[in-house]
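To start, the structure itself, in structure tokens.
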Amino acid sequence: MSRADDNTVMEAVDSEVSVTCTDMGLVQKVFQLALLCTKQHPIDRPRMHEEARVLLWLMPAPAV
């Protein structure tokens, strides 16, 4: 599994995101997932249920 380094990810993210986003680490993780979803060969891409599981795991806990 290839991954982009943090600098590459942050160069690709719109600078306006940092104004409204409080967790840039989360942005990096979602970007990494997006990169995996665009692999050339479909067999190398995560399945939809895997993507959904990762996205649910990345969601912040609801405020109580």
_Farthest toward positive dipole pole in the chain [+1 Lys/Arg, -1 Asp/Glu at C-beta], among A12, M24, A63_ = A63
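How much accessible area per residue does the chain have, in Å², with a 1.4 Å probe? Don't jump to the answer; show the numbers that get you there.
Details: 5400 Å² over 64 residues.
Normalised by residue count, the accessible surface of the chain is 84 Å².
Could you please state how large a percent of the accessible area of the chain is carbon and sulfur, counting protein chains only and using a 1.4 Å probe?
Values: 3190 of 5400 Å².
C and S fraction of accessible area: 59 percent.
I'd like to know how the stretch 17-62 sits against the 2.2 N^0.38 Å rule of thumb: what's its Cα Rg over that expected value? Let's see the in-between values first.
Numbers: Rg = 12.2 Å, N = 46, 2.2 N^0.38 = 9.4 Å.
With N residues counted in the stretch 17-62, Rg over 2.2 N^0.38 Å equals 1.30.
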*Go through the chain and name the GluC sites (Glu not before Pro) that are in a DSSP coil and have 12 or fewer other Cβ atoms within 10 Å of their Cβ.*
E16
*Kindly report, to the nearest 10 Å², the accessible surface of D23 as traced by a 1.4 Å probe over protein heavy atoms only.*
80 Å²
*Give, in nm to one decimal, the length gained when the segment between D14 and D44 is fully stretched (0.36 nm per residue of separation minus the Cα-Cα distance).*
8.1 nm
*For the stretch 37-48, just list the computed ³J(HN,Hα) in residue order, Karplus coefficients 6.51, -1.76 and 1.60, θ = phi - 60°, integers in Hz, with x standing in for Gly and Pro.*
6, 10, 4, 4, 9, x, 5, 8, 8, x, 6, 4
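The values are calculated or read from the model by the stated rules, or taken from the named source; none is laboratory data. The shown structure was predicted, so the numbers you read here are calculated from the model rather than taken from an experiment. For neighbour counting, all protein chains shown are included, and Cβ atoms are generated from backbone atoms with ideal geometry for every residue, glycine included. Heavy atoms of the whole protein, side chains included, go into the accessibility calculation; ligands, DNA and RNA do not. Shrake-Rupley method; radii C 1.70, N 1.55, O 1.52, S 1.80 Å.
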